[in-house]
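Student: Here it is: the structure, laid out below.
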Amino acid sequence: MMCDSVPLVLFGGTFDPVHRAHISAARAVSKVLGDAPVHLLPNAVPPHKAQPMADGEERLAMLRLACRDYPELVVDDWELRQDGPSYSLHTLRHFRQQNPERPLVFMIGADSFATLHRWHHWQDYARLCHLAVVPRPDCELATVEVQSAFPESDAGQLRQQSCGLRLMLKRPFLDVSATAIREALQQKGDCPALDPAVSAHIRRHHLYNVANKTTSTKHEAP
Ligand code: ATP
């Protein structure tokens with residue numbers, strides 16, 4: 001289907017917690033697609049990995065803090081409100097129904113792209129959305145089958161049709177992961193890859209078994 005409109009971008013993840021690479025990636029995809037809105041959708045029950053440490057409300061709260069200065073980033077609790085495993089296919093079908101002709105872009109990191117052939121009904125994705133793949137250090141390539149299901153294209157082409165193409169971003173290329181951040185929080189009490197407001201929220205709510213940093217000297221009366 002031919003069209004020319006600003007795409008709607010969907011960015012699913014555990015966001016446990018949201019970090020600098022998520023935000024930089026979402027902003028980069030938005031920008032290259034003409035300031036497209038990006039919906040960040042924390043999942044309820046991730047089907048492909050360990051369950052989150054922080055509950056849905058906490059992950060939403062951290063996302064809202066991290067996105068507060070970026071109007072193009074929309075924190076969306078749709079997956080959290082659904083029952084059962086958060087299959088992206090289910091989410092994509094929902095947003096496609098709401099937007100029958102608009103270009104719909106599903107953005108993922110290169111690590112997720114490399115495992116797409118194991119995702120629930122991945123073959124149906126190309127009829128529902130485009131892909132935007134963000135590079136990530138030390139990732140395998142996707143299978144040839146997956147690559148050819150989504151022919152590589154550019155941002156202009158993605159705006160011209162509603163689904164079926166793939167945009168490969170060159171940047172950002174950040175060696176950041178939520179797993180490493182959770183470890184740093186336990187050991188050191190903080191991590192530079194977090195937005196300072198998210199860091200403060202984590203400490204205030206004692207999330208991720210955060211280590212108690214004694215940064216200030218106590219001036220207590222004897
Ligand atoms: P974990 O370390 O717990 O696996 P994560 O940092 O990979 O977490 P997720 O919330 O699982 O974060 O990721 C959501 C999406 O963001 C996925 O598509 C993932 O590939 C992508 N992503 C996460 N970190 C990066 C990164 N540094 N560069 C590019 N994409 C990333």
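Read-outs: derived from the displayed coordinates by stated rules, not from any lab. This structure is a prediction, so every number in the text was calculated from the model and none was measured. Heads up, the Cβs are rebuilt from the backbone with ideal geometry, glycines too, and the neighbour counts pull from every protein chain shown.
Student: Within 14 Å, Cβ to Cβ, of ARG64, how many net charges do the neighbouring residues add up to if Lys/Arg are +1 and Asp/Glu are -1?
Tutor: On the way: positive: ARG59, ARG68; negative: GLU57, GLU58, ASP69, ASP76, ASP77, ASP195.
Within the 14 Å Cβ shell, the charges total -4.
Student: Could you work out the local net charge near PRO196, counting Lys and Arg as +1, Asp and Glu as -1, over the other residues with Cβ closer than 13 Å to its Cβ?
Tutor: +1
Student: Scan around LEU10 for amide H atoms under 5 Å from its own, H built in the peptide plane at 1.01 Å from N, and keep only partners 5 or more places away or cross-chain.
Tutor: Here the answer is HIS39, VAL105, PHE106, MET107, since their amide H atoms fall under 5 Å of that of LEU10.
Student: Sort 136-145, 110-119, 14-23, 57-66 by the packing proxy (mean of other Cβ within 10 Å over each peptide's residues), most packed first.
Tutor: On the way: 136-145: 13.2, 110-119: 17.7, 14-23: 23.1, 57-66: 20.7.
Sorting 136-145, 110-119, 14-23, 57-66 by mean packing, highest first, produces 14-23, 57-66, 110-119, 136-145.
Student: Any idea what the relative contact order of segment 8-168 is, in percent, if you count C-alpha pairs under 8 Å spaced at least 6 apart? Let's see the in-between values first.
Tutor: Numbers: 274 pairs, mean separation 36.6, N = 161.
Dividing the mean separation by the residue count of segment 8-168 yields 23 percent.
Student: How much net charge surrounds VAL45 when only the other residues with a Cβ under 11 Å from the Cβ of VAL45 are counted, with Lys and Arg +1 and Asp and Glu -1?
Tutor: -1
Student: Give the separation of the Cα centroids, segment 84-105 to segment 1-79, in Å.
Tutor: 14 Å
Student: 7 Å from Cα along Cα→Cβ at both GLU152 and HIS120: what's the point-to-point distance in nm?
Tutor: Once both label points are built, they end up 3.1 nm from each other.
Student: Going highest first, how would you order 185-197, 26-38 by mean Cβ packing within 10 Å?
Tutor: 26-38, 185-197
Student: To check you understand DSSP bridge types, tell me what percent of the beta bridges within the chain (both residues inside) are antiparallel, rounded to 5.
Tutor: Antiparallel: roughly 5 percent of the beta bridges in the chain.
Student: I'd like the orientation of helix 88-98 relative to the chain: the angle between its Cα long axis and the longest Cα principal axis, in ° from 0 to 90, rounded to 10.
Tutor: That helix lies at roughly 60 degrees to the long axis.
Student: Next up: Sorted by average packing, counted as other Cβ atoms within 10 angstrom per residue and highest first, what order do 174-180, 155-161 take?
Tutor: Taking the mean over residues of other Cβ atoms within 10 Å, the ranking is 155-161, 174-180.
Student: For a test of the definition: using alpha carbon positions, the gyration tensor, and the 1.5 limit on a/c, classify the chain as rounded, prolate or oblate. Working shown, then result.
Tutor: Numbers: a/c = 2.04, a/b = 1.99, b/c = 1.02.
It comes out prolate by the Cα gyration axes.
Student: Calculate for the chain the 222 nm mean residue ellipticity that helices alone would give, adding -39,500 (n - 2.57) per DSSP H run of length 4 or more and normalising by residue count, nearest 500 deg cm²/dmol.
Tutor: -9500 deg cm²/dmol
Student: Please find the FRET efficiency linking GLN186 to GLN98, where r is the Cβ-Cβ separation and R0 is fixed at 30 Å, and quote it to the nearest 0.05.
Tutor: FRET efficiency, GLN186 to GLN98: 0.15.
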